1. What are the residues whose amide H is under 5 Å from the amide H of ILE71, where those residues sit 5 or more places off or on another chain and H is modelled from the backbone?
2. Before anything else, pin down the relative contact order of the chain: Cα pairs under 8 Å, at least 6 apart, normalised by residue count, whole percent.
3. When the distances between all Cα atoms of the chain are binned every 10 Å from zero, what whole-number percent does each bin get?
4. What value in Å³ per residue do you get for the convex hull of the alpha-carbon atoms in the stretch 5-64?
5. Could you order the peptides 62-75, 350-363 from most to least packed, using the average number of other C-beta atoms within 10 Å per residue?
6. Short version: what are the Cα gyration tensor semi-axes of the stretch 1-101, square root of 5 times each eigenvalue, largest first, in whole Å?
7. Between beta-carbons, use under 12 Å as the cut-off and find the net charge around ASN69, counting Lys and Arg +1, Asp and Glu -1.
8. Pull up the cross-link candidates among the lysines for LYS379, meaning alpha carbon to alpha carbon under 17 Å and not fewer than 8 places away within one chain.
Amino acid sequence: MAIGIDLISFYTPPFFFSLDDLAKQRGVPAEKYSTGIGQKEMSMLPPDEDVVTMGANAALQILEKTERNRIKALIFATESGIDQSKSAGVFVHKLLDLPKDCRIIETKQACYSGTFSLRAAMGLVSLEKDSQVLVITSDVARYDLHSAGEATQGCGAVALLVSEQPRLMQIETESAYISEDVMDFWRPNYRQSAIVDGQYSTRVYLHALNECWKKYSELSKRLPEHIHQLCFHLPFTRMAEKALKQLFRCKEEFQSRLSKIAPGLLYNETIGNSYTASLYLNLCSLLDFNEDNLEGQRVGLFSYGSGFVAEFFSGIILKGYNKHLLKEQHTRLLANRKRLNYQEYLDFYHFALPQDGTSFHTPYFTDGYFRFAGLDAHKRLYEKAQKEA
Ligand code: HMG
């Protein structure tokens with residue numbers, strides 16, 4: 001049975017901060033960010049958005065192209081959860097008017113949980129004829145001001161519709177995964193920003209990639225030339241270069257892979273890290289921007305979530321995939337973002353909600369279809385924006 005990604009779409013809020021501006025403020029050469037880590041801009045979360053609104057905005061675009069009553073589960077992957085008990089997906093389910101006979105769950109393991117959610121979705125689809133599962137990956141990457149991680153912030157959501165006979169990509173069964181308990185990146189419940197040992201986390205990522213690649217090759221009996229395209233979890237886009245260096249020791253092969261991967265980096269280099277969504281943003285960018293037709297090509301995908309759990313798997317791009325992409329909407333979304341000045345960046349960064357149950361109405365910032373309207377008696381309130389979808 002062919003199961004895989006039927007449709008893919010992303011959303012990021014309509015505000016960004018330029019890394020050239022950050023470099024000026026932090027007194028480092030702009031090239032350190034543009035070349036050294038491969039980032040141009042980072043999306044910034046306004047006070048009236050969160051993982052719920054970003055996830056709902058991402059999924060809205062693909063729901064217009066499917067029969068909602070086939071969606072039997074919504075799996076919400078995030079490490080920026082808004083409640084210790086209630087799944088962010090329950091709010092999204094209501095905002096999107098999804099059918100009642102739909103299960104909802106939230107998954108967490110740093111940036112990895114979107115990949116687990118995708119595999120779980122494939123299992124659920126295989127159990128119920130004609131069913132579909134909506135997987136939403138949505139996150140806000142946030143580090144301390146003045147820390148090395150500051151330049152690798154960002155936010156965004158990717159929605160994946162998983163079904164039988166998908167329109168975009170069939171996911172193959174072979175998959176290599178490993179887990180190890182390491183403290184490379186984590187965020188205790190009492191902190192708004194992550195704690196990270198940046199250099200160590202990069203080494204652990206590459207170690208995990210190495211292990212998964214070896215295991216995948218053994219399992220699948222495929223050679224590197226059988227994998228035409230590669231997508232990676234991208235905390236910053238230069239990570240792709242480091243990953244390719246790890247996999248391809250031959251200079252020519254490395255160079256050819258490096259040029260092949262460029263179209264897949266376009267969304268990530270301007271949105272920044274979006275944790276669970278990052279790998280799927282890389283995939284979305286590859287599908288939207290690769291000049292040559294990708295039909296029949298095998299894409300290898302590497303998912304890494306600090307802490308850590310990692311997985312390497314693959315999929316085949318299907319005939320006619322390019323008729324079902326949302327490139328125009330994605331491009332428009334990025335073109336319409338507003339550039340924040342430094343003070344606005346700080347204001348968004350420092351924005352904090354009352355913690356004591358005081359009612360709060362969030363001022364209007366976003367121009368997305370859904371917004372976080374405020375708090376009342378410890379309850380989060382969401383609303384549809386006053387405009388046509
Ligand atoms: P840093 O200390 O600012 O940077 O940290 P650096 O001094 O190592 O410089 C970075 C690169 O820029 C270096 O190149 C420099 O040479 C170069 P490299 O040695 O890597 O080839 N450079 C320049 N290039 C051109 N012109 C210049 C210049 N100056 C320096 N003038 C770091 C960088 C990424 C570690 C930091 O930003 C950080 O801690 N980020 C957060 C952690 C992270 O992203 N880790 C990645 C792996 S872990 C992961 O992916 C999981 C994660 O997404 C979380 C999750 O799973 O939920 C983070």
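1. Placed amide hydrogens put GLN132 under 5 Å from ILE71.
2. Numbers: 878 pairs, mean separation 98.0, N = 389.
After rounding, I find 25 percent.
3. Calculated P(r), rounded to whole percents: 5, 25, 36, 25, 8, 1, 0.
4. On the way: hull volume 6.4 nm³, N = 60.
Hull volume over Cα atoms, normalised by residue count, gives 106 Å³.
5. The most tightly packed comes first, giving 62-75, 350-363.
6. Working: eigenvalues 240, 57, 29 Å².
So the equivalent ellipsoid measures 35, 17, 12 Å along its semi-axes.
7. On the way: positive: ARG68, ARG70, LYS72, LYS100; negative: GLU67, ASP97, ASP101, ASP130.
Its environment carries a net charge of 0.
8. Hits, sequence-local ones excluded: LYS86, LYS94.
Every number here is computed from the coordinates shown, using simple stated rules; none is lab data. Every value quoted in this text rests on a predicted model; they were computed, and no experiment measured them. Quick reminder, even Gly has a Cβ in these numbers, built from the backbone with ideal geometry, and neighbours come from all protein chains shown.
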